[in-house]
1. Among the listed residues 184, 167, 108, 151, identify the single one that is surrounded by 16 or more Cβ atoms within 10 Å (Cβ to Cβ) and touching a strand residue (DSSP E or B) at 6+ places or on another chain (Cβ under 7 Å).
2. Looking at 268, 261, 272, 249, which one is within 11 Å of the ligand (Cβ to nearest atom) and buried (at least 20 other Cβ atoms within 10 Å of the Cβ)?
3. Do we find a residue being under 18 Å from the mean Cα position of the chain (by Cα), under 21 Å from residue 213 (Cβ atoms) and assigned to a loop (DSSP other than H, G, I, E, B) anywhere in segment 109-121?
4. For segment 179-281, please list each of the helices (runs of 4 or more DSSP H) lying entirely inside it that holds at least 3 residues being at pLDDT 95 or above and closer than 20 Å to residue 109 by Cα.
5. Output the number of the condition that residue 218 fails; it satisfies all remaining conditions of (1) under 26 Å from residue 128 (Cα atoms); (2) touching a residue at least 24 places away in the same chain (Cβ under 8 Å).
6. Would you say residue 252 is on the phi > 0 side of the Ramachandran plot and under 13 Å from the mean Cα position of the chain (by Cα)?
7. Kindly indicate whether any position in segment 76-87 is in contact (Cβ under 8 Å) with a residue 60 or more places away in the chain and at negative phi.
8. Taking segment 212-228 as the region of interest, how many residues are touching a strand residue (DSSP E or B) at 6+ places or on another chain (Cβ under 6 Å) and under 21 Å from residue 145 (Cβ atoms)?
Ligand SMILES: [Zn+2]
C-alpha cells in the first residue's frame with residue numbers, strides 16, 4: 001500500500017467520526033420499498049405524551065416543559081412532536097420531528113436477521129434537540145468536552161446530559177469483559193474517534209460526533225455500509241461481539257450495527273432510544 005493509499009485509508013477511518021458514516025448521506029437501496037417513517041396521520045395522544053415524557057425523563061437538563069403537542073427546551077427552542085408531514089425514511093433523516101426520531105423501536109436483542117430497508121432506529125435525529133443538549137456551535141460543544149479514560153486511551157466526550165458519565169460506565173464494564181475475553185480487544189481498540197464537528201457533505205445533518213456523544217471503535221476492522229464490498233452484511237453484524245454491544249446498550253448507547261445502513265464501528269449515546277426499548281440490562 002502506498003503512502004497515499006495509507007493516508008486515504010486513514011482518512012476513511014475517520015469518516016465515521018467525521019463526516020458521513022455516522023449520519024450518513026444516502027443512497028439507501030430500494031427507496032420505493034421503504035416503509036414510511038412518518039405517516040402524516042395523527043399520532044395517538046397517549047403515544048405522543050409518552051414519547052414527550054420519555055424525552056423529558058432522559059434529558060432532564062434539556063427539556064424545560066412538555067405540552068400536549070411538543071416540547072419547550074431550556075434554550076428556548078420549541079419543538080413540535082409531529083409536524084403532520086408524510087415522509088419516507090430518507091426524508092425523515094433530513095427533516096425529522098420528534099415523532100420520527102422515536103418512531104422506529106431499537107431492538108435490544110442481538111442481531112439475527114438483516115434489518116429491512118429504511119430500518120435504522122437511532123439514525124433519525126432532530127438536530128435542534130441535540131444542539132440544545134450538547135452545544136449549538138463547535139465552540140460550545142468543545143467547552144463541554146471532558147477527558148474520559150477508555151481502555152487505556154483518553155478520549156474527549158461531552159459532559160452534558162450524562163454522556164461522559166455513561167461512557168465511563170461503559171469503560172468499567174468493558175475493562176472487565178476484555179480482561180476475561182482478550183480475543184475481543186481487536187473489535188474495540190484502537191478508538192477511531194469521538195468528537196468531530198462537521199456537516200455531512202450534501203446534507204444539513206450533523207452526526208452525533210459533532211456533539212461529542214458518539215465513539216467509533218477500530219475502523220480498520222469494523223466497517224461502514226458505503227465502504228463494504230462484500231455480500232454478507234448479516235455475517236458482518238454477527239461477527240461483532242454481542243457482549244460489547246450489550247455493554248454499551250446497558251449504559252444508554254445505540255449501535256450502528258443495527259441499522260440497515262450499517263455502521264459497525266459506531267456507538268452513540270441515545271438514552272431515549274434505550275429507555276423506549278426497555279429497561280437497560
Ligand atoms: Zn461513528
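1. 167
2. After ruling out the rest, the residue left standing is 268.
3. Within segment 109-121 (the criterion being under 18 Å from the mean Cα position of the chain (by Cα), under 21 Å from residue 213 (Cβ atoms) and assigned to a loop (DSSP other than H, G, I, E, B)), the answer is yes, since at least one residue qualifies.
4. Details: elements: 185-188, 233-239, 242-250, 271-277.
Result: 233-239, 242-250, 271-277.
5. Answer for residue 218: the failing condition is (1).
6. Criteria met by residue 252.
7. No - not one qualifying residue is present in segment 76-87.
8. 6
The values are calculated or read from the model by the stated rules, or taken from the named source; none is laboratory data. Quick caveat: nothing in here was measured; it's all calculated off a predicted structure. Here the Cβ is made from the backbone with ideal geometry for all residues, glycine too, and neighbour counts use every protein chain on show.
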